[in-house]
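A.B. asks: I have a structure here, written as structure tokens, and I will follow up with some questions on it.
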Amino acid sequence: MSTDRNTRAWMEIRADALAANLARIRASVGPGVRIVPMVKADAYGLGVERAVEVLERSDPWGFGVATVEEGVALRATGVDRPILVSSPTPPASVEAGVASGLILSVSSLPSLALLEEAAERSSGEASFHLEVDTGMGRAGFDWRAVAEWAPRARRAHEKGIRWAGCFTHLHSADEGVDTVALQWERFQEALAAARPPAGALVHALNSAGALRCPEYAADAVRPGIFLYGGRAGRDLPEPEPVASVRARVVHVRRAPVGTTVGYGATYRAEKDERWASVAIGYGDGLPRALGNRGSALVRGRRVPIIGRISMDVTVVDISDVASVEPGDVVTFLGADGDGRITVEEVAEGVGTISYEILIGFTSRIPRIWMDHDLGS
């Protein structure tokens, strides 16, 4: 993949900002709590190999992924820390997870049985973190039914299938403290009845939880979106911006009154205007819904996106910006001069969340890491 900023479009990623956001999480929960950075979905779209290199410098407990395939790929890069697969694993992937020394999450008795069978077919060694459902509802053992699952988990542990951790997922930590307190209470009730083995890693908090309710940090926290520059909640601290998306002007034209632009001719110049065609589109992950409603930055000035966004080209109105030429840089996410477009602004403009915006940028956009004071 190219790392040349002379390309048509690219994503710039600040390694120092990623490190600073992790330090912010650590400061919130305290030095005795281990950090398990979530690096799933290619580190939220930023590029997992470089993200892990940066995060390694902060001595995390290990890394969290969503799939066995992500964990296997991470092992192949040389990561020897624990890798936790935090989502349920399809039956066909369990054996590969065991073979790569991944810690699988177990959230049902059938999934525990599959893990035992896979361990028997390989080295006989396997580890799992048991997920307790305290309200998320999508996976996990019911917190009210400990008597049905805890004895089976303890027997597996006694047979050598190591019960290495216990966790739950918060469903609304970005919105307030009440649901976190309730889920934590349920989790504690389940833990007391289940009696996990000594040394089992207990964890519950995501980015929002770690910032809002650090008193529930337990042994470890699992930050995700905040590390990569997305806010974990409207009333929570703002992270250091990590990713910027930029592209180059490839065509400049004068548009007399009445001129239309884009498929469907959804925009018509109401006066004499100047337009710039920019080499980025929905094929690169720029949301198509930003057409006629989103903004970009040109020479530090905010300009409107006009017409429908095409697969490869987006048009902006540069009537109020002087001397724009082909080759100039246009910013669709990030800062330029005094102007700034946040990932939350982009997400709100198309009715989604920052997670989807970040992971939506395709591999056609090179990820260019700016190490700043990290010096690599």
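A.B. asks: For region 244-347, state which GluC sites (Glu not before Pro) are in a DSSP loop and have at most 10 other beta carbons lying within 10 Å of their beta carbon. Can you show the working numbers first?
C.D. replies: Values: sites: GLU270, GLU273, GLU344, GLU345; in loops: GLU270.
Here the GluC sites (Glu not before Pro) that fit, given the DSSP loop and packing criteria, are GLU270.
A.B. asks: Suppose R0 equals 41 Å. What FRET efficiency, 1/(1 + (r/R0)^6) with r the Cβ-Cβ distance, do ARG293 and ALA96 give to the nearest 0.05?
C.D. replies: 0.40
A.B. asks: What percentages make up the Cα-Cα pair-distance distribution of region 6-72 when the bins are 5 Å wide from 0?
C.D. replies: Whole-percent P(r) values from 0 Å outward: 4, 15, 26, 23, 16, 9, 4, 2, 1, 0.
A.B. asks: Could you sort 230-239, 257-266 so that the peptide with the highest average Cβ count within 10 Å comes first and the rest follow in order?
C.D. replies: Per-residue mean Cβ counts within 10 Å order the peptides as 230-239, 257-266.
A.B. asks: Excluding TYR267 itself, calculate the net charge of residues whose Cβ lies under 15 Å from the Cβ of TYR267, where each Lys or Arg counts +1 and each Asp or Glu counts -1.
C.D. replies: So the environment of TYR267 carries a net charge of +3.
A.B. asks: Further question: Explain nothing, just the number: relative contact order of region 182-221, from Cα pairs under 8 Å at least 6 residues apart, as a whole percent. The partial results should precede the final answer.
C.D. replies: Numbers: 26 pairs, mean separation 15.3, N = 40.
Relative contact order for region 182-221 comes out at 38 percent.
A.B. asks: Quote the relative contact order of region 223-376 in percent (integer), defining contacts as alpha-carbon pairs under 8 Å separated by 6+ residues. Present the calculation step by step, with values, prior to reporting the outcome.
C.D. replies: Details: 316 pairs, mean separation 36.0, N = 154.
Relative contact order of region 223-376: 23 percent.
A.B. asks: GLU56 to SER108: FRET efficiency via 1/(1 + (r/R0)^6), r the Cβ-Cβ distance, R0 35 Å, to the nearest 0.05?
C.D. replies: 0.60
A.B. asks: Please name whichever of ALA15, PRO37, PRO82 sits farthest to the positive end of the charge dipole of region 1-158, dipole taken about the Cα centre and charges placed at Cβ: Lys and Arg +1, Asp and Glu -1.
C.D. replies: ALA15
A.B. asks: In addition: For the chain, what does the relative contact order come out to in percent, with C-alpha contacts under 8 Å and a separation of six or more? Don't skip to the end; give the middle numbers.
C.D. replies: Working: 826 pairs, mean separation 70.3, N = 376.
For the chain, the relative contact order is 19 percent.
A.B. asks: Sticking with this structure for a sec: Could I have the simple spin-label model distance between GLU148 and ASP80, label points 7 Å from Cα toward Cβ, reported in nm to one decimal?
C.D. replies: With each label placed 7 Å out from Cα toward Cβ, I get 4.3 nm.
A.B. asks: If you scale each eigenvalue of the Cα gyration tensor by 5 and take the root, what three semi-axes come out for region 96-210, rounded to whole angstrom and sorted largest first?
C.D. replies: Values for region 96-210, descending: 26, 15, 11 Å.
A.B. asks: Something else about it: Taking the Cα centre of each part, how many Å lie between region 138-217 and region 293-370?
C.D. replies: With region 138-217 and region 293-370 each reduced to a Cα centre, they are spaced 41 Å.
A.B. asks: Okay, next question. Looking only at Cα atoms, what is the convex hull volume of region 23-62 per residue, in Å³?
C.D. replies: 68
A.B. asks: Could you work out Rg/(2.2 N^0.38 Å) for the chain, with Rg from alpha carbons only?
C.D. replies: Numbers: Rg = 23.7 Å, N = 376, 2.2 N^0.38 = 20.9 Å.
This ratio for the chain stands at 1.13.
A.B. asks: How much length, in nm to one decimal, is gained on full extension between ALA20 and ARG301, taken as 0.36 nm per residue of separation minus their Cα-Cα distance? Walk me through the intermediate numbers first.
C.D. replies: Working: separation 281, 0.36 × 281 = 101.16 nm, distance 2.80 nm.
Full extension from ALA20 to ARG301 adds 98.4 nm.
A.B. asks: Place a point 7 Å from the Cα of ARG234 along the Cα-to-Cβ direction; which residues of region 165-209 have their backbone N under 19 Å from it?
C.D. replies: Only 171-180, 208-209 pass the distance filter.
A.B. asks: Could you work out the mean projected area of the convex hull around the alpha carbons of region 48-108, in square nanometres to one decimal?
C.D. replies: 3.9
Laboratory data are not the source of any read-out in this text; all were calculated from the coordinates shown. Since we're looking at a predicted model, the values are computed, not measured. Note that each Cβ is placed from the backbone with ideal geometry, even for glycine, and that neighbours are counted across all protein chains shown.
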